[in-house]
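*Asks:* For reference, the structure I am asking about is given below.
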Amino acid sequence: MKFVKMHGAGNDYVYVNGFEERIVNPEALAQEVSRPHFGIGADGLILILPSEVADARMRMFNADGSEAEMCGNGIRCVAKYVYDHGLAHRPEIKVETKAGVLDLQLFVDAADRVERVRVMMGRPRLNREEIPMTGEPGTRVVGEPLEVLDRHFDITCVSMGNPHCVIFVPKVADFPVEVYGPAIENHPLFPRRTNVEFVEIVSRSEVRQRTWERGSGETLACGTGSCAVAAAGVLNGFTDRRILNHLVGGDLELEWAESGVMFMTGPAVEVFAGDYSPH
């Protein structure tokens, strides 16, 4: 099986060209290739597949084999692969995901290879049944109290096609993400589990974020999570509609336009390509 290893702001996945390769059991393969010492090592597996409604279709699997609806850092790398490998050599493309068809604008370097991608991520979904969460349908979760282990948190929840729980903390670098991340991910409030973003406000236009990803643990970046943070900052009155988000693996630019649509801009990097023999 031929593969390419790529990352967006340090959020790394193994990418397989489904136009050429046939993957029978992607759930098991995702677990296998994600292992750092016994596989390739990654946050998960992303398949780039033919689509009837877009230039390509993306399926994303976490390191534990569970399939997710979307991955913001992953879709930028899908766009890079589609352009750089000649599947659709245009500056604007469409990619089909389980969260819908998204439009992407590609920025290339002097060698005509994609280095940055701007993604129209769609409108954040704010009602609790859309996230999904238990509780009264039609209500928003903005600064809602939640007791977890020995701590009280005020949570703001957003879906970007996948669920996110955003928590603002005074200093994110020292926060025990590995303790509270899994406890919140698996809280009964979230019937499909949730991604968890811990966020420090630097200014009205700048934040720092660490992410506990559903099914993968702490990752260096999360694109959909950054979009959720941008929405949560506005909903709580903490940030403006355009922010720079500093993640462990790099920076992402977010804009929640007045139209209600979220835009994300960030890097896409190909690390290496190779051949892998599934076990």
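Quick note: the coordinates plus some simple rules give every number you see, no bench work behind them. Quick caveat, the model's predicted, so the values are computed rather than measured. Cβ placement follows ideal geometry from the backbone for every residue including glycine, while neighbour counts extend to all protein chains displayed.
*Asks:* Could I have the simple spin-label model distance between R35 and V261, label points 7 Å from Cα toward Cβ, reported in nm to one decimal?
*Replies:* Result: 4.4 nm between the two label points.
*Asks:* If you project the alpha carbons of segment 170-210 onto the principal axes, what extent comes out on each, in Å, largest first?
*Replies:* In descending order, the Cα extents are 34, 20, 11 Å.
*Asks:* Something else: Report the chymotrypsin sites (Phe, Trp or Tyr not before Pro) located in segment 84-173 that are in a DSSP loop and have at most 16 other Cβ atoms inside 10 Å of their Cβ, or state none.
*Replies:* Counting only loop positions with at most 16 other Cβ atoms within 10 Å, none of the chymotrypsin sites (Phe, Trp or Tyr not before Pro) in segment 84-173 qualifies.
*Asks:* Test of understanding: ordering M262, M121 by Cβ neighbours within 10 Å, fewest first, what list do you get? Intermediate results must be reported in sequence, preceding the final value.
*Replies:* Details: M262 25, M121 29.
By the 10 Å Cβ count, ascending, the order reads M262, M121.
*Asks:* Another question, if that's okay. Calculate one ³J(HN,Hα) per residue across segment 90-98 by plugging θ = phi - 60° into the Karplus curve 6.51 cos²θ - 1.76 cosθ + 1.60, and present them in order as whole Hz with x for glycine and proline.
*Replies:* So the Karplus estimates, Gly and Pro as x, are 9, x, 10, 9, 10, 10, 8, 10, 6 Hz.
*Asks:* A further question on this structure: Between beta-carbons, use under 9 Å as the cut-off and find the net charge around V271, counting Lys and Arg +1, Asp and Glu -1.
*Replies:* Result for the neighbourhood of V271: -1.
*Asks:* Per residue of segment 201-218, in order, report the coupling 6.51 cos²θ - 1.76 cosθ + 1.60 (Karplus, θ = phi - 60°) as ³J(HN,Hα) in whole Hz, putting x for Gly and Pro.
*Replies:* Working through the residues one at a time gives 7, 8, 7, 5, 10, 8, 9, 10, 9, 10, 10, 9, 8, 4, x, 10, x, 6 Hz.
*Asks:* Can you list which of the GluC sites (Glu not before Pro) found in segment 193-275 are DSSP loop residues with at most 14 other C-beta atoms within 10 Å?
*Replies:* Numbers: sites: E197, E200, E206, E213, E218, E253, E255, E258, E270; in loops: E258.
Within segment 193-275, the qualifying GluC sites (Glu not before Pro) (loop, at most 14 other Cβ atoms within 10 Å) are E258.
*Asks:* Shifting gears a bit: Using 19 Å as the cut-off for backbone N distance, which residues of segment 167-192 belong to the label zone defined by a point 7 Å from the Cα of E206 along Cα→Cβ?
*Replies:* Taking a point 7 Å out along Cα→Cβ of E206, the residues of segment 167-192 whose backbone N falls under 19 Å are 169-174.
*Asks:* Using the count of nearby Cβ atoms within 10 Å as a rough guide to exposure, how do K171, K98 rank from fewest to most?
*Replies:* Working: K171 8, K98 14.
Ascending Cβ contact count within 10 Å gives the list K171, K98.
*Asks:* Another question, then. Just to confirm the number: angle between the C-alpha axis of helix 223-235 and the first principal axis of the chain, 0 to 90 degrees, nearest 10?
*Replies:* Taking Cα atoms only, the helix is inclined about 30 degrees.
*Asks:* Which far-off residues, 5 or more places away or on another chain, put their amide H under 5 Å from the one on T219, with H placed in the peptide plane?
*Replies:* HN-HN under 5 Å from T219: T211, E213.
*Asks:* Tell me, what HN-Hα J-couplings in whole Hz come from the Karplus equation 6.51 cos²θ - 1.76 cosθ + 1.60 at θ = phi - 60° for each residue of segment 147-163, using x for Gly and Pro?
*Replies:* Here the 3J(HN,Hα) series is 9, 9, 6, 10, 10, 9, 10, 9, 10, 10, 10, 9, 10, 10, x, 9, x Hz.
*Asks:* With just the Cα atoms of segment 128-260, tell me how far they stretch along each of the three principal axes, in Å, largest first.
*Replies:* Principal extents (Cα only, largest first): 34, 33, 24 Å.
*Asks:* So what's the convex hull volume per residue for the Cα atoms of the chain, in Å³?
*Replies:* Values: hull volume 36.6 nm³, N = 279.
So the per-residue Cα hull volume is 131 Å³.
*Asks:* Can you grab the distance from the C-alpha centre of segment 70-127 to the C-alpha centre of segment 18-45, Å, no decimals?
*Replies:* About 21 Å separates the Cα centre of segment 70-127 from the one of segment 18-45.
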